Amino acid sequence: SFPPPSFFDRFSKKMIPCTVSCSEQCSCSWDIGQQRIYNITVTVENPLGKKIAMDVFDVTHRIYPAAPFQLWEECTDTEIRLYWKHQNKGIALFCQTEVVHPDGRVELRNSSDAHIHYASITLHGLQPYTEYKARVHCGAAKHFWRWSEWSETQTIRTKEASPSGKLDIWREITPALGGRNVTLFWKHAPSFRANGRNISYEVTWEKIEDGSKPESISFSSVYNSTRISIDKDSYRITVKAKNNVNYSLPSVLIIPRATGNSSSSEELKEEQVNGTDDGIFISWEPRHIYDVYVIDWCNFPTLQPCDLQWKRLGPNTSSALINSAAFVPGVRYNFHIYGSAANRAFLLEKKTGYLRELPPLLDPVVEKVELTSSAVTLSWDSYPTDESQSGFIRGYHVYVSPIQEDCSLKGSKKHVLPDDSVLCKYTVENPEEKRYTVRHLLPNTKYKLVVKAYTGGGETPIVNFIYIDTPFDSNMLCLLVLLVIVPSVIAALCHWKMKWVEECCCPVIPTPNKSTVLSFKDFKMGSEKVLKISDCIPDMLAVDNKVEAQKL
């Protein structure tokens, strides 16, 4: 520790009676009386040595004012006049006011207007019915040395004003008996400010053509939608916000006359869109006749009502990334794109997509199996491909394999399971084609089969199979009978009746020399035997050659 320093004023040539206090730094104070200029020598000494520091100053140039106190204010809807008191003692002050906005932004504003007993500053450009925090500190205006401590913080709210801007409104139209139901939705647009408390909403609708008396209904601030029933005529609908001061500007929608052609929306083809990690990207063909585009969708498509959402986009826009904290993978979201001109909206395009596709929740159930000895036809007609699925059904895979061995059927692709067994894989690329025939099977063979649907998120693992037994091939049986059994029977019969068959099919042609007709006494003419007529009694005798007859 150091011994307390000594203070000596060279002008008055006196030691200054000063009590030293040290916390973060050491300080010393004394009563200055009438003296203004000091030449102070500060001496610190211990057995090891001595240190001296000197400073010459005018006490009127070292003003450290006391903190302002007793703050109060006067307000309008956009201004605050802030007042405070100070201990002046005839010194002109320069003050700085710190204003903290509701969003945390800090603004500093300077003022030098000082009254004898109080000072003030006017804060302009504020928002109506908004809470601000303000505090003040001051310094000497002529010879600034350092700021005073801050005053206490004053919390101030500006006065109410009429709501500024317009509400953002949208509608959903559904057919009803004798007319239509119009569900109106409203929300605060980015430019809208309530500017007060006790906010309420007023909805007014009236026919455009006949100028009938408008109808209206009011709602408290907790409501953001309502449903009204109208006939088939065209209507003008306005929605306004109201506070304790006045109404906002009206937001207007025109509901055109019902044309009776309810199928125009259905005729628009629904285009599939893809999601990303940031949202679902929507694009459309721009039309220059519209001054704004509106995209609407449901955050919770399966709920009724579905929490309709919408987004407005400028006339030079042709795409948007739609994101919502409510979007989850595996849920299909439907988007409608409207063009709006003169407060009339027209449906332009329809889109549908997923934030991320997942594999199908359920596998197709094979409802019908048609078997032959070499083919099987599978049918799964009742399998849904609509929005109940967790992805767009892109097609089907049919897997087949014999029970006892790996599959290698003609026209198939190999699919290896985790257990290294091999299946034959066939692909049906049309999701509406729910029938497939597997050919080139072997007769009298047991097979296992399964049908899997696939989406952009893939397909679920193969777990359950169905089993079939192909029957014998009747054509092969007939061919076997024709080629083997019938010839065998014929051969056996032929062997059993060989002599009879030979006599019937291949009779022996007798030779005259072995005939009993020629078993008579030899009478030869040359080398040939000659039959004498007297040796037999013929039934008939004909002589063709007279010369031979005479010779005989």
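The values are calculated or read from the model by the stated rules, or taken from the named source; none is laboratory data. Bear in mind the structure is a predicted one, so any value in this text is a computation, not a measurement. All Cβ positions, even for glycine, are placed from backbone atoms using ideal geometry, and neighbour counts span all protein chains on display. In case anyone asks, the SASA skips ligands and DNA or RNA and just uses the protein heavy atoms, side chains included. Shrake-Rupley method; radii C 1.70, N 1.55, O 1.52, S 1.80 Å.
Structure notes:
- Cβ separations smaller than 8 Å between residues 6+ apart or across chains give the following pairs from segment 157-186 residues that are under 21 Å from residue 201 (Cα atoms) to residues that are of a type in the set (Asp, Glu) and open to solvent by less than 40 Å² (accessible area, probe 1.4 Å): 170/296; 172/296; 186/168.
- Strands (runs of 3 or more DSSP E) (entirely within segment 5-86) containing at least 1 residues that are in contact with a Leu (Cβ under 9 Å, 6 or more places away or on another chain): 69-75, 80-85
- Screening residue 76 with (1) of a type in the set (S, T, N, Q); (2) touching a residue at least 40 places away in the same chain (Cβ under 8 Å); (3) exposed (fewer than 10 other Cβ atoms within 10 Å of the Cβ) gives one miss only, at (3).
- Single residue of segment 197-212 satisfying the filter (of a type in the set (Ser, Thr, Tyr) and outside any loop (DSSP other than H, G, I, E, B)) that is surrounded by the most Cβ atoms within 10 Å (Cβ to Cβ): 201
- Of the residues in segment 113-128, at least one is assigned to a strand (DSSP E or B), open to solvent by less than 40 Å² (accessible area, probe 1.4 Å), touching a Ser or Thr at 6+ places or on another chain (Cβ under 7 Å) and among the β-branched types (Val, Ile, Thr).
- Here residue 223 clears all of (1) farther than 30 Å from residue 118 by Cβ; (2) in contact (Cβ under 8 Å) with a residue 12 or more places away in the chain; (3) among the hydroxyl-bearing types (Ser, Thr, Tyr); (4) part of a strand (DSSP E or B) except the condition numbered (4).
- Residue satisfying all of: in segment 264-318; in a loop (DSSP other than H, G, I, E, B) and hydroxyl-bearing (Ser, Thr, Tyr); nearest to residue 174 (Cα to Cα) among these: 302
- Boolean, residue 153 is within 19 Å of residue 70 (Cβ to Cβ) and open to solvent by 70 Å² or more (accessible area, probe 1.4 Å): yes
- Residue check, residue 385 more than 21 Å from residue 468 (Cα to Cα), assigned by the TED database to the domain that holds residue 453, among the hydroxyl-bearing types (Ser, Thr, Tyr) and under 36 Å from the mean Cα position of the chain (by Cα): yes
- Residue-level check: of (1) assigned to a strand (DSSP E or B); (2) closer than 30 Å to residue 467 by Cβ, residue 348 misses just (2).
- Within segment 164-185, tally of residues that are in a loop (DSSP other than H, G, I, E, B) and open to solvent by 70 Å² or more (accessible area, probe 1.4 Å): 2
- Of the residues 161, 194, 189, 134, the single one that is in contact with an Asp or Glu (Cβ under 6 Å, 6 or more places away or on another chain), surrounded by 15 or more Cβ atoms within 10 Å (Cβ to Cβ) and either among the aliphatic types (A, V, I, L, M) or not assigned by the TED database to the domain that holds residue 78 (or both) is 161.
- For segment 417-428, taking the residues that are open to solvent by 30 Å² or more (accessible area, probe 1.4 Å) and touching a strand residue (DSSP E or B) at 6+ places or on another chain (Cβ under 8 Å), the one that is farthest from residue 472 (Cα to Cα) is identified as 427.
- Filter result for residue 387 (open to solvent by 80 Å² or more (accessible area, probe 1.4 Å), assigned to a loop (DSSP other than H, G, I, E, B) and within 28 Å of residue 335 (Cα to Cα)): yes
- One residue stands out among those in segment 319-344 that are assigned to a loop (DSSP other than H, G, I, E, B) and aliphatic (A, V, I, L, M): the one that is least open to solvent (accessible area, probe 1.4 Å), which is 326.
- The residues listed here are 86, 143; of these, the one that is over 30 Å from residue 8 (Cα atoms) and not assigned by the TED database to the domain that holds residue 193 is 86.
- When segment 421-441 is limited to residues that are in a loop (DSSP other than H, G, I, E, B) and touching an Asp or Glu at 6+ places or on another chain (Cβ under 9 Å), the one that is modelled with the highest pLDDT turns out to be 434.
- The residues of segment 271-298 that are loosely packed, with under 14 Cβ neighbours inside 10 Å and more than 14 Å from the chain's Cα centre (by Cα), listed by number, are 285, 287, 288, 289, 291.
- Across segment 21-62, the qualifying residues are those that are over 26 Å from residue 143 (Cβ atoms) and of a type in the set (Val, Ile, Thr), and the one among them that is least open to solvent (accessible area, probe 1.4 Å) is 43.
- Among residues of segment 345-361 being touching a residue at least 40 places away in the same chain (Cβ under 8 Å) and either over 28 Å from residue 267 (Cβ atoms) or among the β-branched types (Val, Ile, Thr) (or both), the one that is most open to solvent (accessible area, probe 1.4 Å) is 356.
- Test: residue in segment 350-367 that is farther than 30 Å from residue 459 by Cα and more than 15 Å from the chain's Cα centre (by Cα): no
- Between 431, 402, 471, the distinction of being more than 32 Å from the chain's Cα centre (by Cα), surrounded by 15 or more Cβ atoms within 10 Å (Cβ to Cβ) and touching a residue at least 12 places away in the same chain (Cβ under 8 Å) belongs to 402 only.
- Residue selected from segment 299-318 under the condition in contact (Cβ under 8 Å) with a residue 40 or more places away in the chain and either touching a Gly at 6+ places or on another chain (Cβ under 9 Å) or not aromatic (Phe, Trp, Tyr) (or both), by the criterion least open to solvent (accessible area, probe 1.4 Å): 308
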